[in-house]
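Q: So that we are looking at the same thing, I have put the structure below in structure tokens.
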Amino acid sequence: MKTAMTKLFRIRELPVFLALVIVVLITGTANPEFFTLSGFQDITLGVAVVATLAVAQTLVIVMKHIDLSVGSTIGFSAYLIGDASSQGHGFWYCMGLALALGLAVGAANGFMVAYLQLPSLVVTLGTLYIVRGIFNEVAGGNTITEDMVPGPINFIGLNTFFGIPYLFIVAVVLMLIVGFIMKRIRSARDLYAIGSNLLAAELGGIPVARRVFLAFLATGAVSGLAGAVLLARFNTAAANSGNGLELSVVAACVVGGVAIAGGVGTVYGAVIGAILLQAITMALGALGIPQFWQLAVNGTLLIAAISLDRYLSTRVKPTSIMGAK
Amino acid sequence: MKKKYTFGWDQGVAIFLLMTVVIGSFVSEYFANFDNISFVIQDIAEIAIIALAMTYLIIAGEIDLSVASILCLSSATLGFLFRNGAPFEMAILGGLLVGLLCGLINGFLVTVVGLPSLAVTIGTLALFRGLCYALLGNEPVNELPEEWIVLGYENIPGTFLPWSTIPLAILAAIAWIVLHYTRIGRWTFAIGINPEAAKFSGIPVARMKLGLFAVTGLMSGVAGVVYTLRFASASPDGAVGYELSVIAAVLFGGVAIAGGVGTLWGVLAAVLSLGAIRSVLQLIDFSANALLVVSGALLLISVVVPKAIEIYQSRRNSAFVTKI
């Protein structure tokens with residue numbers, strides 16, 4: 001019994017999950033509309049984009065790296081899908097285009113970080129700019145409108161499966177797949193080893209460069225495909241699509257217990273973190289607090305989450321910008 | 001023994017700046033004229049002022065992503081105070097104090113609570129920006145006193161330099177002297193190279209870092225005031241994304257993201273280069289998007305080239321060793 005209790009308290013996702021329950025309960029009591037089906041759909045639909053990207057970002061953050069280019073990639077990909085579709089190309093052609101873009105950005109990031117051993121913060125900041133610049137040049141002042149969105153994407157954006165939005169199901173399925181891989185497949189477990197002690201991972205015979213490269217490639221691929229999710233969610237795309245999304249994604253991961261110092265955290269935590277941030281946004285609205293406070297509350301929550309994590313864990317003091325060595 | 005001359009990254013940036021200016025003067029007759037120079041300086045003033053402080057912070061091995069939000073919060077505070085009847089001088093003072101306070105909050109969370117600065121400042125980025133909206137709502141403050149906003153767009157009488165040159169020049173001079181010729185500067189480098197060793201050699205590491213975050217906040221506050229005067233308006237959505245421009249400029253200026261390396265004049269040359277490139281691209285009617293690509297490419301070059309040189313040199317050295 002005691003071991004079961006201690007095991008339960010060791011779960012990193014527990015605090016953020018409890019926080020989510022508390023937020024939902026308080027808001028629901030104050031405003032019963034929050035508990036209705038449409039309240040549920042608002043949250044799950046709203047969270048789909050950030051949750052999808054947070055799953056991909058987890059792969060990178062557990063390695064003690066970061067990928068800031070995802071916001072540019074997803075926006076560009078959403079635009080490309082709509083643009084290709086409006087020129088009469090089929091759904092799979094559009095998705096292939098999105099995947100190709102994601103793989104290209106991921107490969108560029110991965111090559112520079114893994115094989116040239118450059119800091120991921122700088123590299124992905126650079127690719128954030130470059131992809132955004134090319135995107136803006138391609139898009140110009142054009143806007144993808146609803147009639148240009150491919151049929152299947154339009155469908156999953158608007159419809160629900162027994163009340164659950166399809167977009168949320170997409171995010172959850174992705175989470176389950178990646179969660180399984182990171183738990184069971186050895187090459188994915190290696191990412192945790194790389195994040196917690198790079199030198200030990202190298203000495204232990206892990207092909208670090210190849211793993212880092214593949215993780216960035218996977219993050220890029222998911223971000224590219226997620227363009228479909230972004231397009232489905234908003235039914236529109238323009239030159240500013242996905243702007244600044246990278247910070248929300250990193251925030252969701254960190255709130256969900258994926259430590260920026262690397263080596264810990266799961267995709268489940270990242271998704272719960274994303275849902276918590278979204279639920280709080282909705283709760284502020286439901287409680288009648290002006291939405292102007294929303295961003296400030298999100299920021300405070302992020303700081304509170306990492307402070308709590310710091311307090312609960314007995315790790316060494318951070319010595320670098322990415323946290324503990 | 002004669003000191004071996006080594007060619008540094010910062011000299012490279014300075015040459016790059018000169019080349020940009022020379023090429024710029026050739027491709028457009030408007031580039032080197034006084035109006036344009038004044039415009040370029042105005043355009044980079046805020047980024048340059050924040051970059052001065054960010055240089056210290058990155059050399060010390062930390063980072064601050066919340067600077068653009070602090071800039072905006074300082075501007076929003078100024079606008080809020082003025083709208084509610086405070087004299088303009090007091091409103092400016094309020095804006096600067098808020099900047100300092102924001103920097104202290106970042107510094108407190110990093111040094112006292114012990115959190116990684118990257119995560120903390122992503123949080124405060126959202127927090128401070130959120131407070132801008134909480135203060136001003138969606139209504140920017142536009143009715144600022146005329147005698148102050150002329151400072152935002154007019155030149156210093158008798159010269160071709162905008163008024164923002166004065167704070168920029170004074171602060172740059174102070175930052176340069178302190179970084180390269182005083183104990184505080186040497187401490188900053190020591191902390192960045194090895195914080196443990198710095199601590200054991202008696203450097204007050206935590207207090208230094210707290211101070212550096214506070215100064216970065218204050219500088220962002222100063223930039224906020226300059227920004228408000230330049231646009232004659234305080235709005236909650238100003239300067240979004242400036243933090244990335246500042247960091248790009250600092251890294252392109254030769255400061256290593258891992259800490260411990262960098263010079264202040266390299267950073268200044270980098271900021272001026274970015275301003276000059278932006279101006280050249282605008283004058284030859286290149287789209288503004290090219291600037292994004294150029295900024296990103298320069299950022300990547302600033303890490304790829306030193307790495308390539310390092311790999312080349314280590315190969316040459318090891319080849320030499322095997323020959324013996």
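Please treat every number below as a calculation from the coordinates, not as lab data. Note that this is a predicted model, so its numbers are computed, not measured. Here Cβ is always computed from backbone atoms with ideal geometry, including for glycine, and neighbour counts include all displayed protein chains.
Q: Give me the inter-chain shielding for A:111-124: mean count of other chain Cβ atoms within 10 Å, whole number please.
A: Per-residue shielding by partner chains comes out at 3.
Q: So, one more: Net charge near B:Leu283: determine it from the other residues with C-beta under 14 Å of the C-beta of B:Leu283, scoring Lys and Arg +1 and Asp and Glu -1.
A: -3
Q: Per-residue mean of other chain beta-carbon atoms within 10 angstrom of the beta-carbon, peptide B:130-136?
A: 5
Q: Most fluctuating residue of B:Thr165, B:Thr182, B:Thr111 in a GNM of chain B with Cα springs under 10 Å: which is it?
A: B:Thr182
Q: Using a 10 Å cut-off on Cβ to Cβ distances, tally the other chain neighbours for every residue of B:284-294 and report the average as a whole number.
A: The shielding value for this peptide is 4.
Q: At a Förster distance of 35 Å, what's the computed FRET efficiency of B:Val22 paired with B:Val150, Cβ-Cβ distance as r, to 0.05?
A: 0.55
Q: Please report the orientation-averaged projected area of the protein assembly as shown, defined via the convex hull of its C-alpha atoms, in nm².
A: 34.4 nm²
Q: Suppose only helical runs count, i.e. DSSP H with n ≥ 4. What mean residue ellipticity at 222 nm does that imply for the protein assembly as shown under -39500 (n - 2.57) per run, divided by all residues and rounded to the nearest 500 deg cm²/dmol?
A: When only DSSP H runs of four or more count, the value is -24000 deg cm²/dmol.
Q: If you count, for each residue, the other Cβ atoms within 10 Å and average over each peptide, how do A:204-211, B:116-123 line up from highest to lowest?
A: The densest-packed peptide leads the list: B:116-123, A:204-211.
Q: Now, a different point. Taking the Cα centre of each part, how many Å lie between region B:208-222 and region A:120-191?
A: If we compute the Cα centre of each part, the gap is 37 Å.
Q: Pulled fully out, how much extra length does the chain show between A:Leu158 and A:Tyr311, if you take 0.36 nm times their separation in residues and subtract their Cα-Cα distance?
A: 50.8 nm
Q: Highest mean first, how do A:294-304, A:92-102, A:12-22, A:222-232 rank when packing is the count of other Cβ atoms within 10 Å averaged over residues?
A: With the highest mean Cβ count within 10 Å placed first, the list reads A:222-232, A:294-304, A:92-102, A:12-22.
Q: I would also like to ask the following. So how do A:152-158, A:266-272 stack up, highest first, on mean other-Cβ count within 10 Å?
A: Result, highest mean Cβ count within 10 Å first: A:266-272, A:152-158.
Q: Next up: Between region A:254-308 and region B:57-131, how many Å separate their Cα centres?
A: That distance is 21 Å.
Q: Turning to a different aspect of this structure: Setting aside same-chain residues fewer than 8 positions from A:Lys183, which aspartates and glutamates have a Cα under 19 Å from its Cα?
A: Within the straight-line limit of under 19 Å, A:Lys183 reaches these aspartates and glutamates: A:Glu13.
Q: Report ³J(HN,Hα) in whole Hz for each residue of region A:20-36, in order, from the Karplus equation J = 6.51 cos²θ - 1.76 cosθ + 1.60 where θ = phi - 60°; Gly and Pro get x.
A: 4, 4, 4, 4, 5, 5, 4, 4, x, 5, 6, 9, x, 4, 5, 8, 6
Q: What's the longest uninterrupted piece of chain B once you rule out the GluC sites (Glu not before Pro) that are loop residues per DSSP with at most 16 other Cβ within 10 Å?
A: My reading of the result: B:155-324 is the longest stretch.
Q: Here is a further query. Rule-of-thumb check for chain A: C-alpha Rg over 2.2 N^0.38 Å?
A: Cα Rg divided by the expected 2.2 N^0.38 Å: 0.99.
Q: Please report the spacing between the Cα centers of region A:13-62 and region B:261-321 in Å, no decimals.
A: Here the answer is 42 Å between Cα centres.
Q: What nm value, rounded to one decimal, do you get for the distance between A:Ile22 and B:Ser287 when each label is placed 7 Å out toward the C-beta?
A: The two pseudo-label positions are separated by 4.9 nm.
Q: A further question on this structure: For chain B, what is the relative contact order in percent, using Cα pairs closer than 8 Å and at least 6 residues apart in sequence?
A: Relative contact order for chain B comes out at 34 percent.
Q: Here's something else I'd like to know. If you take the Cα atoms of region B:36-299, find Rg, then find the Kirkwood Rh from the mean of 1/r over all pairs, what is Rg/Rh?
A: Rounded to two decimals, Rg/Rh equals 0.97.
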